[in-house]
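Colleague: For reference, the structure I am asking about is given below.
The values are calculated or read from the model by the stated rules, or taken from the named source; none is laboratory data. Quantities reported herein were computed from a predicted structural model and do not represent experimental measurements. Cβ: placed from backbone, ideal geometry, glycine included. Neighbour counts: every protein chain shown. Keep in mind that these areas ignore ligands, DNA and RNA; they rest on the heavy atoms of the full protein, side chains included. Shrake-Rupley method; radii C 1.70, N 1.55, O 1.52, S 1.80 Å.
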Amino acid sequence: RIASRMQVLLCLVLLPFLHTNAFSPPFHPTNWPLHTAGCRTRGRLGSAIECLRMSGGEGEGKYAASFESVQQAAERIKGAAHYTPIMTSEALDRMSGKSLVFKCENFQKMGAFKFRGAWNAVTKYMDEGGRGPIVTHSSGNHAQAVAKVCGIKGIESHIVMPNNAPQVKVDAVAEYGANIIRCGDLPRDRADKADEVAAQHPGCFLMPSYNHPDVMSGQGTLMLELIEQAGEPLDAVIVPVGGGGMLSGCCLAAKGLRPDIRIFGAEPLGADDAARSLKEGKMLEQTGPKTIADGLRTGLGTLTWPVIRDNVEDILTVTEDEIVAAMRLVYMRMKIVIEPSAAVGVAVALSDKFRSIEGISRVGVVICGGNTDLDDLPWVKK
């Protein structure tokens, strides 16, 4: 409590030095020492209140989001997002030694779970009177989600995308009507360019792709559905992790419904900051990620990390070969289109390390998206 009050006091001291846009350089949402990522600024008093809320100073809990905020998000997205199906596969059950239940977010609007968080965050922003343009950065799926949501709601969007973003995702963002700004490939390149773009649009909502309570809450709604759809209780769930918006939201939802459920993160070995962070007990920076799973190249956020730290049993990593093999297997046996980031969770479910974990029989596996270039499948010889 003392720490929270000190955070709020520091926030109030800093406010006079900030521009109207709380994300003007040098402050960036994923690196603020305070839990202030995603504060929507409508004057300095509004900033102070938002910083207070997100730092836990009002007694709303120790995290930026909560089980209750996930439930509220579920009501907000009802009728807008798809209630995506679950699938099973006897072949993959045999290979994993477990009973696997796949939550297929590749059938979500725009092809990925990101629609949930984008709809929740933009809707809440507009419900509270926001009308300024939306600015964000993303390698693809969050970009598509924001572009689609803004198109539906008739609000302007400016989206920063790295030069190495899959062309199929860049094309989709353009088709949805967003203004695309390109940048370098590193997470910091995206963040810096987004700050620059936001400074050009006073009053905008600089929307983090994962490090924001409304985004986290929206993503968590998929876990509410999965646990309901599974019927018979799940012993564990596997959720891919990049920035942690989906994993943190799913933690809040899963533990809210089933406090005894075991939660595992799935991450590429070539972008393993979350696994290293959990092992060392402190948030480590993502530097130079190298993986085919473009949606998981980002680093953890200051708001997502505490939830993951406290609720995830382990984060298992898989190699690029394992990711490609799992992706190909799903195409062949389940007959559905998934992207490399979604294959990471499947690869973990099939891994020897996960198979060896005792006390787990029935497992929910999140297939997070299906946006991939069918002309550039990783197992097809060039």
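Colleague: Is it the case that the stretch 249-264 has a residue that's open to solvent by 10 Å² or more (accessible area, probe 1.4 Å), in the same structural domain as residue 85 (by the TED database) and on the phi > 0 side of the Ramachandran plot?
Modeller: No, that holds for no residue.
Colleague: Answer yes if at least one residue in the stretch 349-366 is in contact with a Phe, Trp or Tyr (Cβ under 9 Å, 6 or more places away or on another chain), assigned to a helix (DSSP H, G or I) and surrounded by fewer than 24 Cβ atoms within 10 Å (Cβ to Cβ), and no otherwise.
Modeller: Checked against the condition, which is being in contact with a Phe, Trp or Tyr (Cβ under 9 Å, 6 or more places away or on another chain), assigned to a helix (DSSP H, G or I) and surrounded by fewer than 24 Cβ atoms within 10 Å (Cβ to Cβ), the stretch 349-366 yields at least one hit.
Colleague: Please give the number of the condition residue 64 fails out of (1) at pLDDT 95 or above; (2) closer than 27 Å to residue 300 by Cβ; (3) among the small types (Gly, Ala, Ser); (4) outside any loop (DSSP other than H, G, I, E, B).
Modeller: (4)
Colleague: Determine which single condition residue 374 fails, assuming it passes every other condition in (1) open to solvent by 60 Å² or more (accessible area, probe 1.4 Å); (2) modelled with pLDDT of 95 or more.
Modeller: (2)
Colleague: Sticking with this structure for a sec: For residue 135, work out the one condition from (1) of a type in the set (A, V, I, L, M); (2) under 19 Å from residue 108 (Cβ atoms); (3) within 17 Å of the chain's Cα centre (by Cα) it doesn't fulfil.
Modeller: It is condition (2) that residue 135 fails.
Colleague: Looking only at the stretch 188-203, how many residues end up being over 19 Å from residue 304 (Cβ atoms) and surrounded by fewer than 24 Cβ atoms within 10 Å (Cβ to Cβ)? It would help to see each step written out before you state the result.
Modeller: At the first step, the residues of the stretch 188-203 found to be over 19 Å from residue 304 (Cβ atoms) are 189, 192-193, 195-203.
Imposing the further condition that a residue be surrounded by fewer than 24 Cβ atoms within 10 Å (Cβ to Cβ) reduces the set to 189, 192-193, 195-197, 199-203.
Count: 11.
Colleague: Taking the conditions exactly as written (within 22 Å of residue 211 (Cβ to Cβ), of a type in the set (Lys, Arg), assigned by the TED database to the domain that holds residue 106 and surrounded by 15 or more Cβ atoms within 10 Å (Cβ to Cβ)), does residue 328 satisfy them or not?
Modeller: No; evaluated as a whole, the condition is false for this residue.
Colleague: Let me ask something else. Sort through 288, 243 and tell me the only one that's under 26 Å from residue 76 (Cβ atoms) and not in a helix (DSSP H, G or I).
Modeller: 243 is the lone residue from the list that is under 26 Å from residue 76 (Cβ atoms) and not in a helix (DSSP H, G or I).
Colleague: Can you run down the residue pairs with Cβ atoms below 7 Å, 6 or more apart or on separate chains, where the first is in the stretch 309-322 and in a strand (DSSP E or B) and the partner is open to solvent by 40 Å² or more (accessible area, probe 1.4 Å)?
Modeller: Partner pairs satisfying both residue conditions: 316/353; 317/269; 318/269.
Colleague: Also, I was wondering about something else. Within the stretch 91-121, can you find the residues that are within 20 Å of residue 237 (Cβ to Cβ) and open to solvent by 60 Å² or more (accessible area, probe 1.4 Å)?
Modeller: Within the stretch 91-121, 95, 107 qualify.
Colleague: Which of (1) farther than 28 Å from residue 377 by Cβ; (2) assigned to a loop (DSSP other than H, G, I, E, B); (3) open to solvent by 40 Å² or more (accessible area, probe 1.4 Å) is the odd one out, the single condition residue 185 does not satisfy?
Modeller: Failing condition for residue 185: (1).
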